[in-house]
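S.K.: Handing you a structure now.
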Amino acid sequence: MTALSTLLLAAVVSSAGLAAAAVVFRHGAPGRRLFAAGMAVLAIDLAFAGLSFAADTPVGVLRWQYRRLWVMTVLPALWLSFSLCYSRGNYREFLDRWWIVLFASVGVPLTVAVCFSDVLIAGAAPAGPAFPRVIEFGWAGRLLHVLALLITVLTLVNLERTFRTAVGTMRWRIKFVIVGLAVLLGARLYVGSQAFLYSAVEPAHAAVEAGAVVVASLLIGLSVARTGLFEIDVYPSHTVLHNSLTLVLAGVYLLVVGAMAKAVEWMGGDTAFPLKAGLVLVALVGLFILLLSDRVRQRTRRFVSRHFQRPQYDYRRLWGAFTERTASILDTTALCGVFVKLVSETFEVLSVSLWLTDEQRATLSLGASTVVPAGKADDFVPADAAGLRAAIEAIRERRAPFNLEQVRDGWVEALRRCHPDYFGKGGGRLGVPLHAGGSLLGILTLGDRVSGVPFSVEDLDLLQCIGDQVAASLLTLRLSERCLQAKEMEAFQTMSAFFVHDLKNTASTLSLMLGNLPGHFDDPAFREDAFRAIAKAVERINSLIDRLGLLRQELKLNRAEADLNELVRQTLATLEPAHHLPLDVALGALPRFLLDAVQVQNVLTNLLLNAKEALGPDGRIRVQTTRDNGWAVLEVSDNGCGMTPEFVSRSLFRPFQTTKKRGIGIGMYHSRMIVEAHRGRIDVATAVGQGTTFRILLPLAPG
């Protein structure tokens with residue numbers, strides 16, 4: 001057995017072993033199942049490679065290489081799917097967003113392989129010093145390798161994003177899995193680039209792939225052995241391609257190798273070029289690992305601080321990052337997650353947890369953590385209520401960060417239970433009280449520092465400042481939530497007052513009728529009046545329900561080209577017989593434009609009926625349309641009672657605010673919603689005793 005055969009056999013056994021282990025490893029997470037499928041298909045690919053290079057005839061070589069190309073149509077898509085699911089608690093969101101790419105990653109290579117199978121491979125040649133290439137690809141085979149390159153780069157980008165999102169202990173748990181997969185996929189990147197550049201593959205390429213698989217298997221096995229976990233749940237954002245180091249390194253590698261290949265071709269050839277290209281890839285992979293190393297980043301920053309006489313922390317950048325990341329957050333859980341990640345990155349601390357306190361019930365709840373899974377927080381909180389109450393009372397008296405290892409009181413054991421010590425050489429565990437507004441809002445616990453570096457006075461001062469900032473932000477969110485709840489209650493009470501008032505009047509009418517019913521039931525006139533009263537009560541209740549229903553309905557516009565003047569005429573013709581409106585109408589020339597005729601008619605109807613109720617005995621209503629630059633203008637004016645400036649500024653367009661005895665204050669609120677949905681605006685000019693003019697501007701061109 002040759003050295004190549006031995007290496008390929010080791011790669012097949014290790015990849016198949018990992019696939020089998022992933023199948024039987026605990027729960028059935030989709031990332032693990034896809035990993036098992038990817039490793040199993042990879043084992044098949046490597047087995048075909050070994051059989052190909054072991055074949056005695058060109059026909060045998062071609063047969064197994066054809067089968068490798070068919071495997072290539074599926075394998076990159078499996079790894080891409082795996083990268084979207086691995087260690088992602090929100091993997092379903094990514095699968096939904098990437099389904100087109102996933103479909104293309106399978107469909108396009110399969111289409112190429114099926115439609116152009118006769119030009120996948122051009123032929124096979126014997127190996128030798130003067131001609132090291134063995135299998136020559138046709139243009140379709142080269143295209144398959146290009147597609148595999150692109151999909152592999154996307155896979156590496158997704159894995160990098162998962163690694164970047166994980167912080168602290170979570171990053172430590174998956175680090176060697178990511179590095180192992182980077183080695184494996186990096187080797188495929190190298191082989192694919194060589195196959196594209198030279199339209200051929202040689203035994204050395206299979207050796208590189210097999211060696212990478214063995215190394216990757218060892219790294220993944222080491223990761224599982226030291227943590228007991230294959231994957232964890234992190235929640236990366238959807239900006240997967242943002243600031244990706246993988247894209248930069250892959251682009252640099254392909255550019256350098258392409259330029260080197262052209263130079264070698266121009267100079268007459270270099271038999272050692274594949275080895276040089278492989279060394280470039282190894283160097284870039286090493287650079288990638290170094291740049292993502294917490295220990296290297298820490299030592300680099302300390303070297304700069306020590307030798308260039310600068311502070312350890314760039315406070316302007318640090319507080320700028322805090323402000324930028326938290327400015328638009330309105331959710332407590334999201335805010336805690338941002339702070340935990342920033343603390344972990346700033347102090348190179350792997351284990352950071354933020355526990356929120358409930359002083360009344362003496363309980364702790366997990367805000368966010370780099371070490372405690374969100375669904376297992378109860379496993380870390382002690383069930384001893386008295387111990388928790390004592391801990392919260394003791395921490396309330398502390399203002400500065402304190403070392404959990406140095407406190408000897410009994411209450412500190414509750415906090416130690418909340419923050420397990422994973423690394424014996426990771427330094428002491430700290431607790432940071434979060435005080436704001438005279439209350440203890442939470443406790444920040446941290447430990448397992450990279451290299452076990454002790455916290456300096458500068459570290460502790462910065463931690464206290466960060467704790468104050470976290471507490472202030474948490475207090476702001478709590479006060480905002482209370483204010484929102486108060487406003488919701490106020491709106492509910494206001495709505496209830498109107499609703500109860502109308503129902504009370506209706507109930508009084510029905511009660512009076514029922515009281516007279518026993519003595520006058522045989523009177524036909526009474527029965528007729530009773531039925532009429534019931535009908536009016538039902539109509540009133542239905543009207544009330546319909547108007548209140550406007551608040552919960554989602555406003556959807558059905559735009560169509562329409563004539564606003566014709567719409568005004570139809571509305572007036574509908575209202576005039578029933579309401580006898582004293583009208584003056586002046587309709588100017590307007591082009592047809594897109595609008596929702598039904599909704600605009602509702603707005604006009606509401607304005608006309610409001611104007612009618614505001615009129616005195618000799619009042620008039622004027623309806624006018626004009627064109628003002630790119631706007632169609634609809635004006636409804638009356639010379640009625642008018643409104644006060646205070647009512648216009650504070651109540652006119654708010655729900656449940658009205659000056660009418662029988663209104664509930666929904667009409668103007670809904671009218672403004674309709675106008676703004678058309679990307680228009682509604683203006684009002686009014687004065688008490690002089691009347692009101694509503695001016696609606698609708699864009700003639702679609703927005």
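S.K.: With a cap of 12 neighbouring Cβ atoms within 10 Å, and only residues DSSP puts in a loop, list the trypsin sites (Lys or Arg not before Pro) found in the range 21-107.
M.R.: Here the sparse-neighbourhood loop sites are Arg26.
S.K.: Give, in nm to one decimal, the length gained when the segment between Glu539 and Val24 is fully stretched (0.36 nm per residue of separation minus the Cα-Cα distance).
M.R.: 178.8 nm
S.K.: For Glu393 and Arg33, FRET efficiency with R0 = 60 Å and r from the beta-carbon atoms, rounded to 0.05?
M.R.: That pair, Arg33 with Glu393, gives E of 0.80.
S.K.: On to the next question. Using 7 Å Cα-to-Cβ label points, what is the Asp96/Arg681 separation (nm, one decimal)?
M.R.: Here the modelled spin labels are 3.6 nm apart.
S.K.: Quick check: convex hull of the Cα atoms in the range 560-699, volume per residue, rounded to a whole Å³?
M.R.: Spelled out: Cα convex hull of the range 560-699, divided by residues, is 107 Å³.
S.K.: Follow-up question, since we're still on this one. Under a crude label model (7 Å from the Cα following the beta-carbon direction), how far is Ser456 from Phe521 in nanometres?
M.R.: The modelled label-to-label distance comes out at 9.5 nm.
S.K.: Now, a different point. How long are the semi-axes of the equivalent ellipsoid of the range 338-407, defined as square roots of 5 times the Cα gyration tensor eigenvalues? Whole Å, largest first.
M.R.: Calculated on Cα positions only, the semi-axes equal 21, 17, 11 Å.
S.K.: Further question: How would you rank 337-350, 604-617, 636-649, highest first, on the average number of other Cβ atoms within 10 Å across their residues?
M.R.: Packing order, densest peptide first, comes out as 337-350, 604-617, 636-649.
S.K.: Given points 7 Å out from each Cα along the Cα-Cβ axis, report the Leu110 to Ala386 separation in nanometres with one decimal.
M.R.: Label at Leu110, label at Ala386, 6.6 nm between them.
S.K.: Just want to confirm a number: the relative contact order over the range 36-120, from Cα pairs under 8 angstrom separated by 6+ residues, in percent.
M.R.: 27 percent
S.K.: What is the extension gain from Glu561 to Leu150, computed as 0.36 nm multiplied by their sequence separation minus the C-alpha to C-alpha distance, in nm to one decimal?
M.R.: The span from Glu561 to Leu150 would gain 143.3 nm if fully extended.
S.K.: Would you mind getting me the FRET efficiency between Phe531 and Arg569? Use the beta-carbon distance for r and R0 = 41 Å, nearest 0.05.
M.R.: Efficiency for this residue pair is about 0.65.
S.K.: Taking amide H positions as placed in the peptide plane 1.01 Å from N, state which residues far from Gly640 in sequence (5 or more) or on other chains have amide H under 5 Å from it.
M.R.: Gly691, Thr692
S.K.: Using 1/(1 + (r/R0)^6) with R0 = 51 angstrom and r between the beta carbons of Glu413 and Leu9, what's the FRET efficiency to the nearest 0.05?
M.R.: Between Glu413 and Leu9 the formula returns 0.40.
S.K.: Sticking with this structure for a sec: Using the eigenvalues of the Cα gyration tensor, what equivalent ellipsoid semi-axes result for the range 315-483 when each is taken as the square root of five times the eigenvalue, whole Å, largest first?
M.R.: 22, 21, 15
Here, each number is a calculation from the coordinates, and none is a lab measurement. Note that this is a predicted model, so its numbers are computed, not measured. Reconstructed Cβ throughout: ideal geometry from the backbone, glycine too, with neighbour counts over all protein chains shown.
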